[in-house]
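Engineer: One structure follows; several queries about it will come next.
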Amino acid sequence: MKLVFAGTPEVAVPALDALIASDRHEVAAVVTRPDAPAGRGRRLVASPVAQRAEEAGIEVLKPAKPRDPAFLARLREIAPDCCPVVAYGALLPLAALEIPAHGWVNLHFSLLPAWRGAAPVQHALLAGDEMTGATTFLIEEGLDSGPVYGVLTEHVRSTDTSGDLLTRLAFAGSGLLAATMDGIEDGTLKAVPQPADGVTYAPKINVEDAELDWSAPALRVDRVVRGCAPAPGAWTRFRGERLKVMSVAPLPDRTELAPGELAGSKNAVYAGTGSHAVELQWVQPQGKKPMRAADWARGVRIAADERLGA
């Protein structure tokens, strides 16, 4: 099939690579979000998908909005058979959905209908899911509600961050998306409607959502830290300034610390929660680079009864 691939961040690149490598399909063009400011100089930088497509000599389309008439006209000229999508980052209008003969097929990083929306991997970790996966489905106007072509499952490890899990799903999912294109092309795959039960939603996690509540159980604190890593990053306050908490380790045997209360030894620093303590492993003080929590604690010289939090 002739394909137009839509995607933007680094997590979409493995799927693009898998389709470029396929001997059954042609990636005729790539659709991605416009160049965005990045780095200290805030200069405009092309998305990871755009950079990979340019390296491969593939035409890159960067519409400000996918309803732009010029973009829709170019898409009609290319006349793709199907448009595979991975984390494109913009809603597709009906006028675009109707152009390819086999529609737009999305690789979504959850076991639909669970965790429809922008942040499925983060919400899976926040909820403590033991199993997640990826799904390919036909995009329709509803939010991640279209019929399903294929599914793969992935075990959630106890130390996974959202970055860890998303990376594994991106590579495993690239094979699923390529196989879905094969099945659509040869007619062996038919999309099956999603079940009506089990629908949950995964809206974008913002900075406010990532603030740690030290009165919550240690299990919840650990989930928020892992689910918000690397972005937006779990955080708390210490002496009125923000402190990013990048990794923790629950300590079920330490129950003497009050929520947010700090205690330290030469090589470790601990914080109380609503259940038992956690060891702070890596932190990032405001305006500084990430550092080992024990080094941070020695530098700030924690006083007796000092606490994390508001």
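The values are calculated or read from the model by the stated rules, or taken from the named source; none is laboratory data. The model shown is predicted, which means the values in this text are computed figures rather than measured ones. Because the Cβ atoms are built from the backbone with ideal geometry, glycine has one as well, and the counts that use them run over all protein chains shown. Note: accessible area is taken over every heavy atom of the protein model, side chains too, but ligands, DNA and RNA are not part of it. Shrake-Rupley method; radii C 1.70, N 1.55, O 1.52, S 1.80 Å.
Engineer: Do we find that R254 is assigned to a helix (DSSP H, G or I) and in contact (Cβ under 8 Å) with a residue 12 or more places away in the chain in this structure?
Structural biologist: So R254 does not fit the description; no.
Engineer: Among (1) closer than 15 Å to A297 by Cα; (2) at pLDDT below 95; (3) open to solvent by 50 Å² or more (accessible area, probe 1.4 Å), there is one condition K244 misses while meeting the rest; what is its number?
Structural biologist: Every listed condition holds for K244 apart from (2).
Engineer: Scan segment 212-230 for residues that are in a loop (DSSP other than H, G, I, E, B), open to solvent by 40 Å² or more (accessible area, probe 1.4 Å) and touching a helix residue (DSSP H, G or I) at 6+ places or on another chain (Cβ under 8 Å) and jot them down.
Structural biologist: Within segment 212-230, D213, P230 qualify.
Engineer: Additional query: Got a number for residues in segment 202-230 being under 12 Å from Q122 (Cβ atoms) and either touching a residue at least 40 places away in the same chain (Cβ under 8 Å) or in contact with a Leu (Cβ under 8 Å, 6 or more places away or on another chain) (or both)?
Structural biologist: Of the residues in segment 202-230, 12 are under 12 Å from Q122 (Cβ atoms) and either touching a residue at least 40 places away in the same chain (Cβ under 8 Å) or in contact with a Leu (Cβ under 8 Å, 6 or more places away or on another chain) (or both).
Engineer: Restricting attention to segment 1-29, report how many residues are open to solvent by less than 40 Å² (accessible area, probe 1.4 Å) and either aromatic (F, W, Y) or within 19 Å of the chain's Cα centre (by Cα) (or both).
Structural biologist: Number of matching residues: 10.
Engineer: With crowded, with 17+ Cβ neighbours inside 10 Å and modelled with pLDDT of 95 or more as the only criterion, which of A79, A124, A64 stands out?
Structural biologist: Only one candidate passes the filter, namely A124.
Engineer: Now for a different question. Taking T32 and the conditions (1) buried (at least 19 other Cβ atoms within 10 Å of the Cβ); (2) over 22 Å from P93 (Cβ atoms); (3) hydroxyl-bearing (S, T, Y), which numbered condition does it fall short on, given that it satisfies the others?
Structural biologist: Every listed condition holds for T32 apart from (2).
Engineer: Report the residue count in segment 263-291 for those that are over 20 Å from A210 (Cα atoms) and not in a loop (DSSP other than H, G, I, E, B).
Structural biologist: 3
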